[in-house]
Amino acid sequence: MVMNFKKYKLGEILNVTRGASLSGEFYTTEGEYIRLTCGNFDYQNNCFKENKSKDNIYYVGDFKSEFLMNKGDLITPLTEQAIGLLGSTAIIPESGKYIQSQDIAKIVCRENLLDKNFAFYLISSTVVKQQLAAAAQQTKIRHTSPDKIKNCIVWIPELTEQKRIGKLLRTLDYKIELNRAINQNLPILDH
């Protein structure tokens, strides 16, 4: 079977939006809403993680409802607070709990051109990560922007192939997560 690939700028097949600017005076240690930070990316395993690095992760100020995330939303960081973070992706695990902050980009696929599961792996692919790293502003903490993400060039297969590949990779990741959870709960045996 021959797979045909088509060249796109990411901006032709997805939209990228920056989150809300949230005032530090409303950060608290408990509350209803959690502000997303770069600490929500497990960039080594390319998945979402609860942020345990800070205790003031809750936000009690006002914010626009468009920044409240839904289960299944695809996100990527806009700042690199650890090498390898730019281009990481994560999927929001539940609705109505997380606020998209300004360091976090939301990715919305054009459904007739790009499968969301496929996009999860495409954004975190070496080809996109290298383009983001090359375009990142060279400061102590590197930054990217929605426009820089949209300018990345990719080659992708047609939608039916994307769906097949995306589903397969998500299934494999799910099995890896299950195995990791099982291994963490196994008792350590002395020999």
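Observations, loosely collected:
- Selection count, region 44-64, where residues are touching a strand residue (DSSP E or B) at 6+ places or on another chain (Cβ under 8 Å), assigned to a loop (DSSP other than H, G, I, E, B) and open to solvent by 40 Å² or more (accessible area, probe 1.4 Å): 5
- Counted residues, region 65-74 - those being in contact with a Lys or Arg (Cβ under 8 Å, 6 or more places away or on another chain) and either without any contact (Cβ under 8 Å) to a residue 12 or more places away in the chain or not in a loop (DSSP other than H, G, I, E, B) (or both): 1
- Leu85 meets the conditions (1) more than 29 Å from Val2 (Cβ to Cβ); (2) in contact with a strand residue (DSSP E or B) (Cβ under 6 Å, 6 or more places away or on another chain); (3) modelled with pLDDT of 90 or more; (4) part of a loop (DSSP other than H, G, I, E, B) in every case but one. The failed one is (3).
- Of all residues in region 88-133 being assigned to a helix (DSSP H, G or I) and small (Gly, Ala, Ser), the one that is farthest from the chain's Cα centre (by Cα): Ala133
- Within region 15-30, at least one residue is under 27 Å from Pro157 (Cβ atoms), out of contact with any Lys or Arg (no Cβ under 6 Å at 6 or more places or on another chain) and open to solvent by less than 70 Å² (accessible area, probe 1.4 Å).
- When the residues of region 70-123 are filtered to those that are surrounded by 20 or more Cβ atoms within 10 Å (Cβ to Cβ) and of a type in the set (Gly, Ala, Ser), the one that is farthest from Leu172 (Cα to Cα) is Ser101.
- Scanning region 155-180 for residues that are open to solvent by less than 80 Å² (accessible area, probe 1.4 Å) and of a type in the set (D, E, K, R) yields a total of 3.
- Across region 134-154, the qualifying residues are those that are in a loop (DSSP other than H, G, I, E, B), open to solvent by 40 Å² or more (accessible area, probe 1.4 Å) and at pLDDT below 95, and the one among them that is nearest to Ala82 (Cα to Cα) is Ile141.
- Within region 75-93, residues that are closer than 12 Å to Asn40 by Cβ and without any contact (Cβ under 8 Å) to a residue 40 or more places away in the chain reach partners that are outside any loop (DSSP other than H, G, I, E, B) and open to solvent by 30 Å² or more (accessible area, probe 1.4 Å) with beta carbons closer than 7 Å, at six or more positions or on different chains, in the pairs Ile75/Lys106.
The values are calculated or read from the model by the stated rules, or taken from the named source; none is laboratory data. Just so it is clear, the model here is predicted, and its values are computed rather than measured. Don't worry about glycine lacking a Cβ; one is built from the backbone with ideal geometry, like all the others, and counts go over all protein chains shown. These accessible areas exclude ligands, DNA and RNA; they are computed on the full protein's heavy atoms, side chains included. Shrake-Rupley method; radii C 1.70, N 1.55, O 1.52, S 1.80 Å.
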